[in-house]
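The values are calculated or read from the model by the stated rules, or taken from the named source; none is laboratory data. Computed from a predicted structure; not experimentally measured. Because the Cβ atoms are built from the backbone with ideal geometry, glycine has one as well, and the counts that use them run over all protein chains shown. The area values use the complete protein model at the heavy-atom level, side chains included, leaving out ligands, DNA and RNA. Shrake-Rupley method; radii C 1.70, N 1.55, O 1.52, S 1.80 Å.
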Amino acid sequence: MRLAALIEAARDQGAHLTTAESCTGGMVSAALTSVPGASDVFERGFVTYSNAAKTELLGVSPETLTRYGAVSEEVALEMAAGARARAGARIAVSVTGIAGPGGSEFKPEGRVCFGLADQRGLHTETVEFGALGRDRVRAAACNHALDLITRSLGL
């Protein structure tokens with residue numbers, strides 16, 4: 001029901017949505033498009049799993065990737081801004097993280113960075129989901145991205 005309310009609110013507000021996903025691999029887009037009528041507010045999303053795709057499709061700076069790494073708020077910000085501009089959307093959410101297995105002392109498994117670009121500007125945040133396992137981190141990241149869109153819509 002929550003997804004249907006999100007799509008309905010976006011439709012009522014005339015808000016078009018887009019996504020820029022890395023570690024979730026399209027899960028956020030799939031969730032949005034699982035709702036009948038989602039095509040009224042969702043035209044496209046970007047799955048940019050590699051650094052090259054982030055640069056080519058979203059305009060993420062190679063310098064930002066080199067300096068901060070793909071799993072960073074700086075990259076999440078550029079992903080969201082690039083997706084919003086390229087899709088002509090009012091709201092863009094981005095997700096980049098380490099779903100696992102693996103990680104490092106500095107970027108542990110379960111760290112996910114999010115970006116939100118909307119009419120109010122740009123916002124980033126990092127959530128440490130922990131080493132829950134790949135599937136659970138990805139599901140948690142997808143849910144968090146949907147929550148960011150929901151909040152942007154004022155729900």
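Taking the protein heavy atoms of the range 11-110 in the context of the full set of protein chains, the accessible area attributed to carbon and sulfur is 53 percent at 1.4 Å.
Per residue, the convex hull spanned by the alpha carbons of the range 36-86 comes to 80 Å³. Protein heavy-atom accessible surface, 1.4 Å probe, per residue over the range 56-121: 43 Å².
Computed with a 1.4 Å probe over protein heavy atoms only, the accessible surface of the range 1-51 comes to 47 Å² per residue. The solvent-accessible area of Glu8, taken with every protein chain present and a 1.4 Å probe, is close to 100 Å². Relative contact order, whole percent, for the chain stands at 23, derived from Cα pairs under 8 Å and 6 or more residues apart. Here the range 76-96 is scanned for amide nitrogen atoms under 19 Å from the site 7 Å beyond the Cα of Thr66 along Cα-to-Cβ, giving 76, 78-79.
Could you give log10 I(q)/I(0) at q = 0.10, 0.12, 0.19, 0.20 Å⁻¹ for the chain, computed by the Debye formula over C-alpha point scatterers of equal weight, without solvent? Values, matching the q order: -0.30, -0.44, -1.09, -1.20.
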